[in-house]
Amino acid sequence: KTMLEVSGLGHRYGGEGHLAIADLTFQVRIGELACIVGPSGCGKSTLLRSISGLIKPTSGDIRLHGGAVQGVPTDLAVVFQDYSRSLFPWLSVRSNVEFPLRSRGLSKAGRRGRADEVLEWVGLSAAAKKYPWQLSGGMQQRVSIARALACRPALLLMDEPFASVDAQTRFELEDLLLRVRKQFDSTVLLVTHDIDESIYLADRVFVLSKSPANIVADLAIPLGDV
Ligand code: ADP
Ligand code: ADP
C-alpha cells in the first residue's frame, strides 16, 4: 500500500526561472521510513514544499493516501532543520506540543493527554513546564519531533532534521527516531545530504542528482542491516 506517490514531478521557479526539479517519480509505502539524499541544490526543499502544499509544482502529480495534494494537507507534519525558529519561545514545551492540536478539534484534556504521551516517548516528561530557550539544541529538536508526532500524521516529513546538532546528539536523535517511528507506526520521508545517515535510518533510499533533479537510484535497505 502506498502513502505517497510522486509522478513526473517538475518545478521551475518564476516562469522562465531555474528548473529546480525536472522529472521526478517515486513512491513511499505505508509504514516505510524513506530517505531522499542528494547534494545541495538538487531540489530537496522544492520537493518538500510541493508535498506540503506550499508551492504548486509546474508539472506532475502528487498523491497522499491516494488523494491529490491541494493546499496544505492536514494529515502531514513537518520537522525542520532549524529547531530554534520552529518552536514558540513564549510557550512552555507542553504548550508548544499542544499548539497544533488546537486546530484539530481536540478538547483541552485530550490535547494535554496527547502532549504528555509524546513527551514521554521522546524522554522529555520532566521538561514539560520548561521553555524552549532553557533546553539544549538536541532537546529542542526532540520537542519539534514530539509536536509533529502529537498530530498523528499519516506522513511525517523531516527536512535535514539532525543537521544542526553535534554528532553525539545526532546519533541519539537518530536512534530516538527509529524507536518512536516503530511505536507510532509512522510513515516518514526524511531529506538529508548525508548518505551515511540515510543508510543508517532508512528502509529505502532515493538518491537525487543535481539539476535537472531525477532519482538516480532507488535502494531498498535490507532489513536487519547495519
Ligand atoms: P536543495 O534543498 O536540494 O538544496 P532546493 O530545492 O532549495 O534544493 O533548490 C533547487 C534549485 O532551485 C536550486 O538551484 C535553487 O537555487 C533553486 N531555487 C530554490 N528556491 C528557489 C526560489 N524560491 N526561487 C528561485 N529558485 C529557487
Ligand atoms: P554501538 O553501541 O556499537 O555504537 P549502535 O547500536 O549505537 O552501536 O549502532 C549504531 C552504530 O552505527 C554506531 O556505532 C554508529 O557509529 C554507527 N553509525 C554509522 N553511521 C551512522 C549514522 N549516520 N548515524 C548513527 N550511527 C551511525
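The values are calculated or read from the model by the stated rules, or taken from the named source; none is laboratory data. Nothing here was measured: the structure is a model prediction, and the numbers come from that model. For neighbour counting, all protein chains shown are included, and Cβ atoms are generated from backbone atoms with ideal geometry for every residue, glycine included. Calculation scope for accessible area: heavy atoms of the full protein, side chains included, ligands and nucleic acids excluded. Shrake-Rupley method; radii C 1.70, N 1.55, O 1.52, S 1.80 Å.
Place +1 on the Cβ of every Lys and Arg and -1 on the Cβ of every Asp and Glu in the chain, take the dipole about the Cα centre, and give the residue among 109, 31, 57 whose Cα lies farthest towards its positive end. Towards the positive end, the residue furthest out is 109. Rounded to the nearest 20 debye, the dipole size of the chain about its Cα centre is 1060 debye, using +1 on the Cβ of Lys and Arg and -1 on the Cβ of Asp and Glu. Sequence-ordered 3J(HN,Hα) estimates for the range 23-32 from the Karplus curve with 6.51, -1.76 and 1.60 and θ = phi - 60° stand at 7, 10, 9, 6, 9, 10, 7, 4, x, 7 Hz, glycine and proline given as x.
With the charge dipole of the chain set up from +1 on Lys and Arg Cβ and -1 on Asp and Glu Cβ about the Cα centre, the Cα lying farthest toward the positive end among the listed residues 89, 18, 158 is that of 89. The C-alpha atoms of the chain define a longest principal axis, and helix 167-184 lies at about 90 degrees to it.
Can you bin the range 121-226 into rounded, prolate or oblate? Criterion: square roots of the alpha carbon gyration tensor eigenvalues sorted a ≥ b ≥ c, rounded for a/c under 1.5, prolate for a/b above b/c, oblate for the rest.
Values: a/c = 1.99, a/b = 1.73, b/c = 1.15.
Because a/c hits 1.5 or more and a/b exceeds b/c, the range 121-226 counts as prolate.
Accessible area per residue was computed with a 1.4 Å probe on protein heavy atoms; residue 99 scores about 80 Å².
Near residue 31: Cβ cut-off under 13 Å, other residues only, Lys/Arg at +1 and Asp/Glu at -1. The net charge is +2. Each DSSP beta bridge with both residues in the chain is either parallel or antiparallel, and the antiparallel ones are about 50%. Please determine, in degrees from 0 to 90 and to the nearest 10, the orientation of helix 137-150 with respect to the longest principal axis defined by the Cα atoms of the chain, where the helix direction is its Cα long axis. Once rounded, the angle reads 80 degrees. In the elastic network of the chain, a GNM with C-alpha springs shorter than 10 Å, the most mobile of 165, 191, 78 is 165.
For the chain, averaging the sequence separation of C-alpha pairs within contact (under 8 Å, six or more residues apart) and dividing by the residue count gives a relative contact order of 30 percent. Element breakdown for the chain at a 1.4 angstrom probe: carbon and sulfur atoms account for 51% of the accessible area.
State the volume of the convex hull built on the alpha-carbon positions of the chain, expressed per residue in Å³ and rounded to an integer.
Hull volume normalised by residue count: 125 Å³.
What number comes out for the charge environment of residue 60, summing +1 per Lys or Arg and -1 per Asp or Glu over other residues with Cβ under 12 Å away?
Values: positive: 12, 56, 63; negative: 5, 23, 61.
Local net charge: 0.
Both radii are taken from the alpha-carbon atoms of the range 1-80; with Rh as the Kirkwood radius, Rg/Rh is 0.94.
For the range 1-98, which trypsin sites (Lys or Arg not before Pro) are both in a DSSP coil and crowded by at most 16 other Cβ atoms within 10 Å?
Numbers: sites: 1, 12, 29, 44, 49, 63, 85, 94; in loops: 1.
Within the range 1-98, the qualifying trypsin sites (Lys or Arg not before Pro) (loop, at most 16 other Cβ atoms within 10 Å) are 1.
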